[in-house]
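Structure record follows, encoded as structure tokens.
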Amino acid sequence: MNEELTEFDMELGSGIAAFEAKHFSQAAGLLSPLADAGNPQAQYRMAIMAQNGLGMHENQALAFKYMKAAAEAGLDIAQHGLGFMYMEGECTDKDAAKAVHWFTKAAEQGLPGSQTTLAMMYEEGRGVEKDQEEADKWYRRAGFEER
């Protein structure tokens with residue numbers, strides 16, 4: 001089992017390295033089977049590549065599928081990405097309430113970008129009741145001083 005895990009880790013590491021180096025075709029080839037096998041890190045990167053047509057044809061449905069799977073697996077950056085998709089109506093229908101749901105999950109894991117976005121949504125009343133107290137709480141958690 002250790003050899004299998006090591007091979008899996010090596011493939012994931014190679015795929016992530018290719019992604020970071022912007023060798024997207026190579027990254028897609030390495031990460032696609034891992035994403036299909038349920039690895040959230042691979043799913044997140046495949047979602048980014050599918051959404052933006054990096055190393056593959058742009059595929060909004062595939063991007064949403066992978067982003068949602070990685071988010072549901074608990075990957076904070078994928079939860080933020082899925083929240084953004086819902087907020088902007090990218091790869092799916094615009095749904096501010098669903099955006100708030102996913103930004104909250106990522107924010108609770110400590111992701112400052114999600115905390116800030118969530119604060120703005122409470123401040124503006126987007127997808128939630130307008131609530132300045134809740135907005136201020138998330139701004140503070142994101143590291144902003146009292147406003």
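Only one of (1) in contact with a Phe, Trp or Tyr (Cβ under 6 Å, 6 or more places away or on another chain); (2) of a type in the set (A, V, I, L, M, F, W, C); (3) over 17 Å from ALA99 (Cα atoms) is not met by ALA61, so which one is it?
(1)
Condition (residue is in a helix (DSSP H, G or I), over 11 Å from the mean Cα position of the chain (by Cα) and surrounded by fewer than 24 Cβ atoms within 10 Å (Cβ to Cβ)) applied to the stretch 71-82: is it met by at least one residue?
No, the stretch 71-82 contains no residue that is in a helix (DSSP H, G or I), over 11 Å from the mean Cα position of the chain (by Cα) and surrounded by fewer than 24 Cβ atoms within 10 Å (Cβ to Cβ).
Could you tell me whether any residue of the stretch 57-64 is in a loop (DSSP other than H, G, I, E, B), of a type in the set (D, E, K, R) and surrounded by fewer than 20 Cβ atoms within 10 Å (Cβ to Cβ)?
Yes, that holds for at least one residue.
Rundown of residues vs (1) in contact with a Cys (Cβ under 8 Å, 6 or more places away or on another chain); (2) on the phi < 0 side of the Ramachandran plot; (3) assigned by TED's automatic domain parsing to the domain that holds ALA28, yes/no style:
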| position | (1), (2), (3) |
| --- | --- |
| ALA50 | no, yes, yes |
| GLY53 | no, no, yes |
| GLN60 | yes, yes, yes |
| LEU82 | no, yes, no |
| MET87 | no, yes, no |
| GLU90 | no, yes, no |
| VAL100 | no, yes, no |
| LYS105 | no, yes, no |
| TYR122 | no, yes, no |
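Only one of (1) part of a helix (DSSP H, G or I); (2) touching a residue at least 40 places away in the same chain (Cβ under 8 Å) fails for CYS91. Which number is that?
(1)
When the residues of the stretch 83-120 are narrowed to those that are among the small types (Gly, Ala, Ser) and touching a Ser or Thr at 6+ places or on another chain (Cβ under 9 Å), which ends up surrounded by the most Cβ atoms within 10 Å (Cβ to Cβ)?
In the first step, residues of the stretch 83-120 are kept if they are among the small types (Gly, Ala, Ser); the result is 83, 89, 96-97, 99, 106-107, 110, 113-114, 119.
Still in the running and touching a Ser or Thr at 6+ places or on another chain (Cβ under 9 Å): 83, 99, 106-107, 114.
On the way: GLY83: 30, ALA99: 24, ALA106: 27, ALA107: 25, SER114: 27.
It comes out as GLY83.
Which one of the conditions (1) outside any loop (DSSP other than H, G, I, E, B); (2) closer than 25 Å to ALA17 by Cα; (3) of a type in the set (Asp, Glu) does GLU134 fail to meet, given that it meets all the rest?
The single condition GLU134 does not satisfy is (2).
Answer yes or no as to whether ALA35 is buried (at least 22 other Cβ atoms within 10 Å of the Cβ), outside any loop (DSSP other than H, G, I, E, B) and not polar (S, T, N, Q). Break it down into steps so the answer makes sense when it comes.
Numbers: buried (at least 22 other Cβ atoms within 10 Å of the Cβ): yes; outside any loop (DSSP other than H, G, I, E, B): yes; not polar (S, T, N, Q): yes.
Here the answer is yes, as ALA35 does meet what is asked.
The values are calculated or read from the model by the stated rules, or taken from the named source; none is laboratory data. Predicted model only: the values in this text are computed from it and were never measured. Ideal geometry is used to build each Cβ from the backbone, glycine not excepted, and the neighbour counts take in all protein chains shown.
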